[in-house]
Amino acid sequence: MSERIDGPRKPRLLVILEAGTAIPSGVLRAKIYHQCLIDAGFEVRYRNRLRPGLVRLRETPPDWLVPLMTGWVAQVLAGLIRSLALVSEFFIVRAARRADVVYMSKVSSLGLVRKLRAGTAAPLVFDFGDAVWIKLLGFDEVLRLVHYVTTDNEYTAAYVRRFNRQCTVVPDCAQVEWFDQQRHKRAANPDGTITLGWIGSPRTAHNLFALWEALEQLCVRYDHLRVRLLGVGDDSPYLPPFEKVRYTCLPHYSQASMIDEVLAMDIGVFPLHQVEASVVRGVLKATVYMAGGIPAVCSPVGQCVDLIDDGVNGFLAGSTREWEHKLSCLIEDQALRERIGQAGLETVRRDFSLEGGFSRLRGVLEQAMAERSGRDAGKAATGTDGA
């Protein structure tokens, strides 16, 4: 673990999450580093902009509420979430005045960033992933207002640097350390079935259309092939209308259940379409498969092309024919699955470890605090003040 920070008191870090652990990035881009931050000497406080319980209710409502979520109930819930967010932002700004540095994980509020910039002297570190600029009004101004930006890959970083040069890539942690703790559970299916798995959400399930035809052909050819889909929600209107595909779904999953599910898979797939939102998406899904020791088969889109050495630590498939051929090779050849899976595991151990990601994040936080100390010293020397 990293050496501790020396000083008369612990540096105070305020971590602002969009909705706590109700949004996966709250874990994977923030709370996953909690113990690393403590061991490095930080005093850490967390604040949520949105109420996690209400966000979960909006995103995954109970069955009885689903029919009402397109009417007045949805409007009332949205209004309640917005109103409580304004209250939360007031207390967030007040907490930020006592912080040495503020780290925001996927916060989608230009208004809050403006308030923090005007109401606190703490340097602002803004973390995000995906093509947020497509949907979030004022995102470019957010990038200009904050002092530092962290993101998960060079594709998003290229966009950021048009507005803010202080951008550092902090790769998503593949969670290999957690997989290692549970790896003893991995065993061959006694009935000889091959499980092909996909991890995602209702909003990303449309990507399965990229290999729909291949899956249909494969399930006709291989009676022992099964498809397992994680995170598609209770109702799956975004899935392809499968005909011959034998599949089961886990509507929602936790980190623990995800690890168990991946360890029960034989192959992981990461299909994408060649659009901007996919090009900058990052490779977390692929690296999670790799951390589980199973071969990842990915579309040749964005960072996947950089991550996958085709046929060495994974496979790239850009057409129905390629999906069908490369998945067939893996289905038929256990030794090939084991070889590719082991190479992928070695890749994530080297490039996507918790310690490696934290080392980059810590460098940004320390740089931010050092520059603030320099500014404060300059103000003291000249007798000036201000944020």
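The values are calculated or read from the model by the stated rules, or taken from the named source; none is laboratory data. This is a predicted model, so every value here is computed, not measured. Neighbour counts are summed over all protein chains in view; Cβ atoms, including those assigned to glycine, are modelled from backbone coordinates with ideal geometry. With ligands, DNA and RNA removed, areas are computed over all heavy atoms of the protein, side chains included. Shrake-Rupley method; radii C 1.70, N 1.55, O 1.52, S 1.80 Å.
Computed extension length for residue 236-residue 260: 6.4 nm, one decimal, from 0.36 nm per residue of separation with the Cα-Cα distance subtracted. Each residue, residue 144 and residue 339, gets one label point 7 Å from its Cα in the Cβ direction; the gap between the two is 5.4 nm.
Annotation: residue 115 carries an accessible surface of approximately 80 Å², with a 1.4 Å probe and no ligand, DNA or RNA atoms counted. If I compute Rg and Dmax of the Cα atoms in Å from the structure I just sent, which labelled value in (1) 20.7, 59; (2) 22.5, 78; (3) 20.9, 67 lines up? Derived directly from the coordinates: (2). The Cβ shell under 15 Å around residue 51 holds other residues with a net charge of +2, Lys and Arg each +1, Asp and Glu each -1. Short-range pairs are left out: with C-alpha atoms under 8 Å and at least six residues apart, the relative contact order of the chain is 15 percent.
Rolling a 1.4 Å probe over the protein heavy atoms of segment 7-99, with every protein chain left in place, gives an accessible area that is 61 percent carbon and sulfur.
Summarising the label geometry, the points placed 7 Å from Cα in the beta-carbon direction at residue 161 and residue 332 lie 4.5 nm from one another. Shape of segment 255-359 from its Cα gyration tensor (a ≥ b ≥ c, root eigenvalues): rounded if a/c is under 1.5, otherwise prolate when a/b > b/c, or oblate? The shape class here is oblate.
With the charge dipole of the chain set up from +1 on Lys and Arg Cβ and -1 on Asp and Glu Cβ about the Cα centre, the Cα lying farthest toward the positive end among the listed residues 335, 90, 288 is that of 90. Computed from the Cβ-Cβ distance with R0 of 25 Å, the FRET efficiency linking residue 310 to residue 154 stands at 0.80. Taking Lys and Arg as +1 and Asp and Glu as -1, the other residues whose beta-carbon sits under 13 Å from that of residue 152 total -1.
Distance between the pseudo-spin-label points of residue 136 and residue 370 (7 Å out from Cα toward the beta carbon): 2.7 nm. If you sort 249, 173 by accessible surface, 1.4 Å probe, largest first, the order is 249, 173. Placing unit charges on the Cβ atoms only, positive for Lys and Arg and negative for Asp and Glu, gives the chain a dipole magnitude near 1760 debye about its Cα centre. Antiparallel beta bridges, as assigned by DSSP with both residues in the chain, represent about 0 percent of the total such bridges. Ignoring lysines fewer than eight residues from residue 135 along the same chain, the ones with Cα atoms less than 25 angstrom from its Cα are 106, 115, 285. Annotation: extensible slack from residue 121 through residue 346 equals 76.7 nm (criterion: 0.36 nm per residue apart, minus Cα-Cα distance).
Taking all protein chains together and rolling a 1.4 Å probe, residue 184 ends up with roughly 140 Å² accessible.
With a cut-off of 12 Å between beta carbons, the residues surrounding residue 282 carry a summed charge of -2, where Lys and Arg count +1 and Asp and Glu -1. Rounded, prolate or oblate: which fits segment 188-258, taking a ≥ b ≥ c as square roots of the Cα gyration tensor eigenvalues, rounded meaning a/c under 1.5, else prolate when a/b beats b/c? Cα axes put segment 188-258 in the oblate bin.
If you take the beta carbon distance between residue 220 and residue 177 as r and set R0 to 30 Å, what does 1/(1 + (r/R0)^6) give as a FRET efficiency, to the nearest 0.05? Result of the calculation: an efficiency of 0.15. Gain on full extension, evaluated as 0.36 nm per residue between residue 56 and residue 80 minus their Cα-Cα distance, stands at 7.3 nm.
When both segment 186-217 and segment 137-157 are represented by their alpha-carbon centers, they are found 33 Å apart.
Using helices alone, what [θ] at 222 nm do you get for the chain, with -39,500 (n - 2.57) per DSSP H run of 4 or more residues, divided over all residues and rounded to the nearest 500? My calculation for the chain gives -13000 deg cm²/dmol from helical runs alone.
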